[in-house]
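Q: Next up is a structure, given as structure tokens.
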Amino acid sequence: MPPESEHLEILRIFLCEANDLLDSVEPRLIEMQQASTTGALDPETLNAIFRAFHSIKGSGHSLRLKEIGGVAHHAESLLDIVRKGNAAFDLQYATLLLKSIDLLRSMLRQVEKTHSDAGLEPQKEALLAEFNPVLAHAVAGPPPAPSTGKSPIIDRPAPSLSAEIRDRFVQEADELLQQAEQCLLALHKNPPNAAELIAEAFRSLHSLKGNCGFIGLADLESVSHRAETVLQKLKSEPTPTGEQIQALLKGIDVLRSGVAAVSRGVRVSSANCQGAKVLLEQCIAAPAVNGSARVSTSEPPAIPGGASGEPPQRPRSTLLLPADGKTTQVLRNDIRVDLTKLDSLINLVGELVIAESMVTRNPVVLRLEDESLERAVHHLRRVLTDLQDVSMVVRMIPLSSTFRKMMRVVHDLSTKMGKQVKLDLIGEDTEVDKSVIELLSDPLVHILRNALDHGIETPEERIKSGKTEVGTVKIEAKHESGEVLIIISDDGRGMDRGKILAKAMERGLVRDPNGLRDREILNLIFEPGFSTAEKITDVSGRGVGMDVVKKNMEKLKGRIELHSKFGMGSTVVLRIPLTLAIMDGMLVRVGTARYTLPMSSIRETFRPVAERVTLTPDAQELVRVRDELIPVVRLHRVYQKKPDSEKLEEGILIVVEGGSTTAALFVDEILGQQQTVIKGLSEYLGVLGGARGVSGCTILGDGEVSLILDVRTLVMDEASSN
């Protein structure tokens, strides 16, 4: 790889890891600030935040991103003062650290655009001007008396690691050690690119050092640091001796044994690390002799090779275990994959589903009566179903990271507005497609801003209305009928329908308010530019936020429900498809047209008898299913098709559920169940064409197009028209 391309790849990895660290730190800071008010500060949380800033600082400096390194250094220094017990963590400290995160994110975006962190020096100097007096006061002042009677917080041994964090650390450490080892072995031949190999080994060990520090492995961090220092020295003496390379390889062996201990969940041996530290310290302290450093060591003076002088073949991906002499093979169970490749894979799987349907449902194939062919078709469908499941899962990620980002939004807004708000997160482990995650963040932010500005009252107002002074906002995620539901609720003042209607009439959005249903009135807040705010603030008032929510939900092929009780609070429900690509569908026929119904929406099917059908005074047909009366929706009337028969008892009713509404769809025939690849509708069909109750289309086995019915919209539209 050319040096420039290699540097860009390292920058890309750094940007990814730094952003992940900042995303993990931000909610922890807010949790720590809230906990500090009760004196229940968690040392482990504090140390984890400290290690994150320390890792960003170290990686930033190694990549010559001095502005990023400088900001991270000040944040680290502030946290170190708290760790040593010289100051109490409070709102001022939390605010400074959150400002640091904001500036670091801006700098990372700058690096992404220009490959440099230059250009934000004024913002950096302004932030450091806020840091300096706080740091100076904390260092000069005496340690505060702990309010809880506990001893000051000190750096404790590394906490126990979750299986996910441990596996990720072990896998990445193995990769970094392999990279460093291969560079050192190549240096044995005195190649012309020695400086590049030294630099690559340096970067690998520096990254490992940061990872070790992040999870509290002090001994491994110390060995990595000394090896890194030796390589730093070799940058000015790019002719390493056999002793230096041997010492570095010894350090790598010790690091491998330490990582192996972590992989088994046991403590790293400090005694085993000590020998490598001494050997590396000798390399650091040794004077240069004839352009290179010499060390005194009992180890072999050079790397033994074969007759041709080639370096020995060292085991790859093997962690040495000094405790029992055995080795442990570290198997990688993850790789970095470009999202465009995953998208291509999923698209190809979708096309494969269509191709399978076109072959197996071809009339010529269907006429064949061959047992071996039927077995082959059955096997093909089973394998294809498994392939679909796997291809869908690789893009599914939990909502936890998106939800926890909202903690910062609520914290900043409540502080600015002088309101006390508690945020509850439920169902953070619910998984959705990554494309959904990317479009979900903005709607959540705007809904929360609306809830805090218009919904949650001030502490004084809440007390007067008989509520607690602390308002509650809840974000909940769950799966329901093939959809992901994101529910955002608050216990604030709720929506004033009269105020919304008056504002809509003032703007000409409503001419005749008579006959407007509750749902239609509430949905007026999604109109562009609509706002009931008395004045425009930096939080809301321009009527943009909820319009953004509506547009993003349209991109996701999702829907929004609003529920509100004046004086009690409001609830916004976002209904999003679990996957945007493939679903299980039921193919039905209405006249000559064929439609596809999502299997997740179907409750049951039956052929009705005349005695179970009744007619209401307003001509609405109802069918009795056990003890329930369900409205009938005739699809041939909705889509203006000529049915085989208009008599219900000569057709089939399919009971479907759309949200909280149930209906019985009248069709001529059920053609069967099949995997359906969802294709989007053109703008003409979806908007100008006024397609009712349609969410997309799919290609059938004979090449014809079938519309995919949006059961929920179809049922609700029919219910509102009656």
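The values are calculated or read from the model by the stated rules, or taken from the named source; none is laboratory data. Here the structure is a predicted model, which is why all the values come from computation and not from measurement. Glycine also receives a Cβ, built like all others from the backbone with ideal geometry; neighbour counts cover every protein chain displayed. These accessible areas exclude ligands, DNA and RNA; they are computed on the full protein's heavy atoms, side chains included. Shrake-Rupley method; radii C 1.70, N 1.55, O 1.52, S 1.80 Å.
Q: Note down the nm distance, to one decimal, between modelled labels 7 Å out along Cα→Cβ at Arg267 and at Asn86.
A: Reported label-point gap for Arg267 and Asn86 is 2.9 nm.
Q: Given the whole protein assembly as supplied and a 1.4 Å probe, what does the accessible area of His188 come to in Å², nearest 10?
A: Using a 1.4 Å probe on the heavy atoms, I get roughly 60 Å².
Q: If you average the C-alpha positions of the range 625-640 and of the range 356-418 separately, how far apart do those two centres end up, in angstrom?
A: First find each Cα centre; the distance between them is then 30 Å.
Q: What FRET efficiency would be calculated for the residue pair Ser116, Asn347, taking the C-beta separation as r and a Förster radius of 45 Å, to the nearest 0.05? Display every interim value, and only then the final one.
A: Details: r = 36 Å, r/R0 = 0.81.
Taking R0 as 45 Å, the efficiency between Ser116 and Asn347 is 0.80.
Q: At a probe radius of 1.4 Å, what is the per-residue accessible area of Ser207, in Å² to the nearest 10?
A: 40
Q: Shifting gears a bit: Rank these residues by their accessible area, most exposed first, probe 1.4 Å: Leu217, Leu709. Write out the running numbers ahead of the final one.
A: Values: Leu217 25, Leu709 0 Å².
Descending accessible area places them as Leu217, Leu709.
Q: Fully extended, how many nm does the chain gain between Asp424 and Leu622 (0.36 nm per residue separation, minus their Cα-Cα distance)?
A: Working: separation 198, 0.36 × 198 = 71.28 nm, distance 4.20 nm.
Separation in residues times 0.36 nm, less the Cα-Cα distance, equals 67.1 nm.
Q: Sticking with the crude label model, points 7 Å out along Cα→Cβ, report the distance from Asn193 to Thr239 in nm, one decimal please.
A: Distance between label points: 2.2 nm.
Q: Would you mind calculating the gained length between Asp412 and Ile13 on full extension (0.36 nm times residue separation, minus the Cα-Cα distance), in nm to one decimal?
A: Values: separation 399, 0.36 × 399 = 143.64 nm, distance 2.98 nm.
Residue separation times 0.36 nm, minus the Cα-Cα distance, leaves 140.7 nm.
Q: Follow-up. Stretched out fully, how many nm does the piece from Glu704 to Lys551 gain, at 0.36 nm a residue minus the Cα gap? Kindly include the intermediate steps, with their values, before the conclusion.
A: Numbers: separation 153, 0.36 × 153 = 55.08 nm, distance 3.07 nm.
Full extension from Glu704 to Lys551 adds 52.0 nm.
Q: Report the paramagnetic label zone for Glu460: residues of the range 409-431 whose backbone N is under 16 Å from a point 7 Å from Cα along the Cα-to-Cβ axis.
A: Under 16 Å, as judged by backbone N against the label point of Glu460, lie 417-420 of the range 409-431.
Q: Can you work out the PRE-style zone for Thr340? Point 7 Å along Cα to Cβ, and I want the residues of the range 86-118 with backbone N under 12 Å.
A: Counting backbone N atoms under 12 Å from the label point, the list is empty.
Q: A follow-up question, please. Which residues does the label zone of Lys478 cover in the range 421-439, counting backbone N under 12 Å from a point 7 Å along Cα→Cβ?
A: 426-427, by backbone N distance to the label point.
Q: When only C-alpha pairs under 8 Å and at least 6 residues apart count, what is the relative contact order of the range 326-445, in percent? Please list the in-between numbers first.
A: Numbers: 53 pairs, mean separation 31.5, N = 120.
Averaging sequence separation for qualifying contacts and normalising by length gives 26 percent for the range 326-445.
Q: In nm, to one decimal, how far is the Glu31 label point from the Thr614 one, both placed 7 Å along Cα→Cβ?
A: 5.5
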